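None of the figures in this text is laboratory data; all of them are computed from the coordinates on show. If you're wondering where the values come from, they're calculated on a predicted model, not measured in any experiment. Ideal geometry is used to build each Cβ from the backbone, glycine not excepted, and the neighbour counts take in all protein chains shown.
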Amino acid sequence: MTAFPEMSPLRWANQLTKMLDLAKGQDRYPVDVEELILEYSRTVWPDDPVLKVVSQPLKGFEGALVPVHEDPRGWLVISNSTASAGRRRFTVAHEAGHYFLHRHRLPNGLHCKEEDVSRRAGKDIEKEADAFAAALLMPLHDLRRQVDPKVRPTLIELGALAERYGVSLTAATLRWLEYTERRSLMVVSTDGYACWARSSDPAYRSGRFIKTSGPPHEIPAVSGAARPDMADACRAGISHPSGVWFDEDVEEFTVHATALDQVITILHFGDARPRWRVPDEEPEPDVYDRFVSFESR
Ligand SMILES: [Zn+2]
C-alpha cells in the first residue's frame, strides 16, 4: 500500500479511531498508542515502519522521530522519560502524527520541544501533529458522551477526562475547550504571571481571552491563582464578582502545585448570549473531515 499524502491530520485520526472502535469497542480508553503505531506501521508500510517506541531522557525536548538507516530500516519514536505518563502518551501520539503526516518531508526526522507538544501553539507541522494526537487520544464522539458541550465541568470532571484518556489535565482541558459551547478559558501561570492561555471559541468571540504574546500579563492578586494558601478552595471552585478577572462574574477553578510548578486555572463565564453561540451547523471536525473531495477519489 502506498502512503496517503493528501490525508489531513484529522482524517488520519478519524480513520484510526474508526478502526479502533471496530476492533476494541467503545470502552477502549486510554488509547494504547504505542501498540497502534507499531502494529499499524508494520502492517501498512513494512519497509518503512516504526521499529520501536522508547522513553529516555531528552534534554530540552519532549519527543523525537528519528530515522534508522541500517537494516531493518524504519523509525524510532522517542519520548522524554522525565515527563509524566500522561504527557508521554501525548508526545508519542504527536510523534506518531509526524510519522503518518510528515516523514516523507523530514528524512532526517525531528525533535519536538515542550511548547510544541503541550500548548498546541507550534507552527504548521507541530500544530498538525498536535491536532492528530488530540483527536486520536480524545475522539469527540466519546468526549461528548463524557462531558456535555453545554455544561460547565468542575475540576473533578475535567480530571476524570484526563484519567479516562490517560493524558495531562492540560491536554484534556484544551480538548474540551475545542468543543464546548460554553464561554470558558484556561490560563497557565507561574509566579503570578500568565505563561499562556486558551479560550473556547464562544469565549474568544465575546472578547474573553488573555493575551500572552505581548507584555507580561499579571494574574489578579485576589484571584485563586495568586493564592496558593487557598489551594483547597481553589480546587472546589470560587465565584468572583465583576472586576477581578474580567468585567463580569466568573467561576474559577485552580490547581496549585502541579508537576511543572505551573498554576492551572479554568474560568467559566455566564451563559452565552445568542450572538456568541457556536452555530449548530458547525460540524465535528474529526468526524466529518473538511477534505470531502478525498472521498470521491
Ligand atoms: Zn513535533
*asked:* I want to verify a result. In a Gaussian network model of the chain, Cα cutoff 10 Å, which of these has the top mean-square fluctuation: His256, His94, His104?
replied: His104
*Would you kindly state how much longer the chain becomes between Ser242 and Ser81 on full extension, computed as 0.36 nm times their sequence separation minus their alpha carbon distance, in nm to one decimal?*
53.6 nm
*For Ile219, what charge total do you get from the other residues with a beta carbon under 14 Å from its beta carbon, if Lys and Arg give +1 and Asp and Glu give -1?*
-1
*Taking the Cα centre of the stretch 9-137 as origin and charging only Cβ (+1 Lys, Arg; -1 Asp, Glu), how large is the dipole, in debye to the nearest 20?*
240
*Sort out for me the Cα centre separation of the stretch 64-101 from the stretch 134-153, rounded to whole Å.*
26
*Report the one residue of His268, Tyr193, Tyr204 whose Cα lies farthest in the direction of the positive end of the charge dipole of the chain (charges on C-beta: Lys and Arg +1, Asp and Glu -1; origin at the Cα centre).*
Tyr204
*What shape does the chain have by the C-alpha gyration tensor, where a ≥ b ≥ c are the square roots of the eigenvalues, rounded means a/c under 1.5, and otherwise prolate means a/b greater than b/c and oblate the rest?*
prolate
*What is the magnitude of the charge dipole of the stretch 142-276 about its Cα centre, with +1 placed on the Cβ of each Lys and Arg, -1 on the Cβ of each Asp and Glu, and no other charges, expressed in debye to the nearest 20?*
520
_Quick check for me: using +1 on Lys/Arg Cβ and -1 on Asp/Glu Cβ, what's the dipole size of the chain about its Cα centre, in debye to the nearest 20?_
200
